[in-house]
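A short worksheet on the structure shown next.
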Amino acid sequence: MIWNVIRIHTTNEATDILGSILFDLGFDGIEVQDNVQLSEEDRKKMFIDFLPEVDENDKTAVITCYTDGDCEPYEKIEAIKEACEDYKDFVDFGALNFETGVTEDKDWINNWKKYFKAFAVDEDIIIKPTWEPQPDEYKDRRIVEIDPGTAFGTGSHETTKLVILNIKKYLKKGDCMLDIGTGSGILSIIGYKLGASSCIGTDIDPIAVDVAKENSVLNGIELYEGSLSKECPGKVSMVYGNLLEECELLHTLEERKFPIVVANILADVIIPLAPVVKRLLLPGGIFISSGIIEMKKEEVKEALLRCGYEILAETRMKDWYSFVVKMPG
């Protein structure tokens, strides 16, 4: 099969934002080449003994992404440029030049797997790829098995870790949890393993929904395929739908109400999502949001306050933030 290749010449500073933009635009995978040295933590995760030399004065980076050969790459490039406009006052994208090409090699979909190793979120939760054996040192810990496929979410990114730690703190045993933008299903799976009576994960990508279902089964969780208008104890549901649009799924969930809702997406989605979540929460319910880059933190905070939420916590890892807020009442 022929695949279009798009290479984006940008800066080290812009790689996180561009990566998020590309995933939101439906790209199945990206490759980043930059001049940022690996941290000691990442070196250990990847089992690298010797770090390569990098020119830390070179701030340029190249992101490579792939699309189906039947798609028009220039339409995708225009969509990327348009999305970057929202951030240009906050991020230095550098040249933002684009190159295109084609390839018949689909191995890029699986090449990243050699870098995804089992790791600890904290002293209790271990996230492990399905294709790796369980390390002996983790045998007495809570293991979550994940194969992200082409869905976003291995759990290793700071945004996901922030949500997981906040779920541990605020989820009450027996709560039914709603996970908006579930991706690989990792937050729903962990919420269930931490004591949720049931979890509902939604995503606007039908492929992600399928991946999330597969990961749920891999973790020994029974899937529920029935009506979402009633409780489904002991099970997890993964459903397709865009809750930013007035749709049947939104109205069904609104009738039901939840004690806890989580969303690990992007600031520009969380802002319009805040009033929607308010319709879905029980009085006194908890909304945990993440995926918020530092430059967007105050904008998200203002949107949450405008909705009347009480801010319970603001947590941070590197340049990423998570807010925990409470529904009035």
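The values are calculated or read from the model by the stated rules, or taken from the named source; none is laboratory data. For clarity, every value in this text was computed on a predicted model and none was experimentally measured. Reconstructed Cβ throughout: ideal geometry from the backbone, glycine too, with neighbour counts over all protein chains shown.
Of all the listed residues (LYS117, LYS106, LYS128), the sole one being within 19 Å of the chain's Cα centre (by Cα), farther than 30 Å from CYS232 by Cβ, modelled with pLDDT under 90 and not in a helix (DSSP H, G or I) is LYS117. When VAL5, VAL54, VAL62, VAL91 are checked against the criterion of being more than 20 Å from the chain's Cα centre (by Cα) and at pLDDT below 85, VAL54 stands alone in meeting it. Are any of the residues in the range 290-297 within 21 Å of the chain's Cα centre (by Cα), modelled with pLDDT of 95 or more and hydrophobic (A, V, I, L, M, F, W, C)? No, the range 290-297 contains no residue that is within 21 Å of the chain's Cα centre (by Cα), modelled with pLDDT of 95 or more and hydrophobic (A, V, I, L, M, F, W, C). Among the residues of the range 253-307, the one identified as aliphatic (A, V, I, L, M), in a helix (DSSP H, G or I) and touching a Pro at 6+ places or on another chain (Cβ under 9 Å) is ALA303.
Residue-wise test of (1) modelled with pLDDT under 80; (2) assigned to a strand (DSSP E or B); (3) more than 9 Å from the chain's Cα centre (by Cα).
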| position | (1), (2), (3) |
| --- | --- |
| GLY153 | yes, no, no |
| SER156 | yes, no, yes |
| THR160 | no, no, no |
| LEU165 | no, no, yes |
| LYS168 | no, no, yes |
| GLY174 | no, no, yes |
| ASP179 | no, yes, yes |
| SER184 | no, no, no |
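Is it the case, given these coordinates, that GLU75 is assigned to a loop (DSSP other than H, G, I, E, B), modelled with pLDDT of 75 or more and among the acidic types (Asp, Glu)? No, not satisfied. Could you count how many residues in the range 231-248 are surrounded by fewer than 17 Cβ atoms within 10 Å (Cβ to Cβ) and in contact (Cβ under 8 Å) with a residue 24 or more places away in the chain? Adding up the residues that qualify gives 6. Within the set ALA313, ALA267, ALA263, the sole residue that is of a type outside the set (Phe, Trp, Tyr), more than 28 Å from LEU25 (Cβ to Cβ), assigned by TED's automatic domain parsing to the domain that holds GLY195 and under 21 Å from the mean Cα position of the chain (by Cα) turns out to be ALA313. Answer yes or no: is there a residue in the range 213-220 that is outside any helix (DSSP H, G or I) and in the same structural domain as ALA313 (by TED's automatic domain parsing). Yes, that holds for at least one residue.
Within the range 221-251, being under 25 Å from GLU145 (Cβ atoms), part of a loop (DSSP other than H, G, I, E, B) and aliphatic (A, V, I, L, M) holds for one residue alone: ILE221.
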